[in-house]
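Colleague: The structure's right below; bear with me while I get my questions together.
What follows draws every value from the coordinates through simple rules; no lab data is involved. None of these values were measured; they are calculated from a predicted model. Here Cβ is always computed from backbone atoms with ideal geometry, including for glycine, and neighbour counts include all displayed protein chains.
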């Protein structure tokens, strides 16, 4: 089983829609969780870390469920500029191995 | 932007030749990672380093070796390049500690012909 499984997508949504992404992970010892955004032909950049209590940054909300071993990202009121690939990542272990899901492509349409 | 530089940015090489990609950082971060990214596969970890001369394998390490002789440089070597190693390679760095953000280089586009 892969360490990180992510919704394959792609997601095509109209402006203003709410969209959710999910990732499941297999290693219960994972310690840190992230959502990264990657624009076409660019490097990934951190969107937000995911904390146990859940966290929000404007239109973006991230959740962590350790019992079920998944993380989620909710985007409200989607904008055209949200079009990108979203990658979930996690790290853990004594050497902070950092692994990612396959990414989900989001296209927001006018 | 974090001080991380990959070189070369683009390379075309022939099957069977050795290739070395360089990742250089000016942030003094302890952790460095090499990934490859291919359509349908996302970012796959090749090797990573948790300190000078301390490295470990990722999920797709076959055909690759790495070296880290000083904090700022992490080298990825393809001993004998194959067409299946045509990909975009990303280096990333991270400070120690839980929730530490990873910063990525701009990527190296490698084509093996």
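Colleague: Per-residue Cβ counts within 10 Å, from other chains only, averaged over B:74-81: what number is that?
Modeller: On the way: counts 0, 0, 0, 0, 0, 0, 0, 0.
Counting other chains' Cβ atoms within 10 Å and averaging over B:74-81 gives 0.
Colleague: Could I ask something else about it? What three numbers, in Å, describe the spread of the alpha carbons of the stretch B:36-93 along their principal axes, ordered from the longest?
Modeller: 32, 23, 17
Colleague: DSSP beta bridges in the protein assembly as shown, what fraction antiparallel, as a percent rounded to 5? Present the calculation step by step, with values, prior to reporting the outcome.
Modeller: On the way: 77 of 85 bridges.
Of those bridges, close to 90 percent are antiparallel.
Colleague: Taking the beta-carbon count within 10 Å as an exposure proxy, list B:17, B:86, B:55 from fewest neighbours to most. Walk me through the intermediate numbers first.
Modeller: Details: B:17 11, B:86 16, B:55 19.
Fewest to most other Cβ atoms nearby, the residues stand as B:17, B:86, B:55.
Colleague: Within 10 Å of each residue's Cβ, count the other Cβ atoms and sort B:30, A:76, B:9 from fewest upward.
Modeller: Ascending Cβ contact count within 10 Å gives the list B:9, A:76, B:30.
Colleague: Please identify, among A:82, A:39, A:57, the residue showing maximal mean-square fluctuation in a Gaussian network model of chain A using a 10 angstrom Cα cutoff.
Modeller: Its mean-square fluctuation being the largest, the pick is A:57.
Colleague: Once you have the alpha carbon radius of gyration of the protein assembly as shown, what is it after dividing by 2.2 N^0.38 Å, with N set to its residue count? Could you put the intermediate results ahead of the total?
Modeller: Details: Rg = 17.4 Å, N = 223, 2.2 N^0.38 = 17.2 Å.
Against the compact-globule rule of thumb, the ratio is 1.01.
Colleague: Can you give the % of DSSP beta bridges in chain B that are antiparallel, to the nearest 5?
Modeller: On the way: 39 of 43 bridges.
Just about 90 percent of them are antiparallel.
Colleague: Where does each of B:47, B:41 land when they are ranked from fewest to most other beta-carbon atoms within 10 angstrom? Don't skip to the end; give the middle numbers.
Modeller: Details: B:47 21, B:41 12.
Fewest-to-most ranking of B:47, B:41: B:41, B:47.
Colleague: Follow-up question, since we're still on this one. Rounded, prolate or oblate, given the Cα gyration tensor of the stretch A:13-86, with a/c below 1.5 counting as rounded? Kindly include the intermediate steps, with their values, before the conclusion.
Modeller: Values: a/c = 2.16, a/b = 1.54, b/c = 1.40.
Because a/c hits 1.5 or more and a/b exceeds b/c, the stretch A:13-86 counts as prolate.
Colleague: Turning to a different aspect of this structure: Express the Stokes-Einstein translational diffusion coefficient of chain B in µm² s⁻¹, to the nearest whole number, given a Kirkwood radius over alpha-carbon pairs, 20 °C and a viscosity of 1.002 mPa s.
Modeller: On the way: Rh = 13.9 Å.
My calculation gives 154 µm²/s for D.
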